[in-house]
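I have placed the structure first, in the form of structure tokens, so that the comments after it can refer back to it.
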């Protein structure tokens, strides 16, 4: 099957929703900066009410799984691979 490609903006949205639920916030109160580093891989800096948290790759995948289940009505337990694309930024491939 052809994988679903999740855009950088949708990954940011997923992290906002995920963090809002964990911290009892509104998603619009959360801002996210996705990061790729050759040594540490993928992560996100998450900000809310003058606070900051860094999410590692596993937490990004967890956020994408939540988004897949609730907003895409897709199986959240499929293969998800994050990639850095020169034009699109950080994207995710979901293999169904």
*asked:* Out of the residues in segment 73-83 meeting the condition of being surrounded by 14 or more Cβ atoms within 10 Å (Cβ to Cβ) and at pLDDT 95 or above, tell me which one is nearest to the chain's Cα centre (by Cα).
replied: 82
*Could you list, in sequence order, the residues of segment 39-59 that are within 17 Å of residue 84 (Cα to Cα) and out of contact with any strand residue (DSSP E or B) (no Cβ under 9 Å at 6 or more places or on another chain)?*
39, 58
*Could we say that residue 94 is in contact with a strand residue (DSSP E or B) (Cβ under 9 Å, 6 or more places away or on another chain), surrounded by 14 or more Cβ atoms within 10 Å (Cβ to Cβ), in contact (Cβ under 8 Å) with a residue 40 or more places away in the chain and not in a strand (DSSP E or B) here?*
no
*List, please: which pairs have Cβ atoms under 8 Å, are six or more places apart or on different chains, and start with a residue in segment 64-87 that is at negative phi and end with one that is in a loop (DSSP other than H, G, I, E, B) and loosely packed, with under 12 Cβ neighbours inside 10 Å?*
65/77; 68/75; 69/75; 74/96; 75/96; 78/96
*Matching residues in segment 16-72 - criterion: being exposed (fewer than 13 other Cβ atoms within 10 Å of the Cβ) and assigned to a loop (DSSP other than H, G, I, E, B)*: 24, 26, 38, 39, 40, 49, 50
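The values are calculated or read from the model by the stated rules, or taken from the named source; none is laboratory data. All values reported here derive from a predicted model rather than from experimental measurement. Note: ideal-geometry Cβ built from the backbone for every residue, glycine included; neighbour counts use all protein chains shown.
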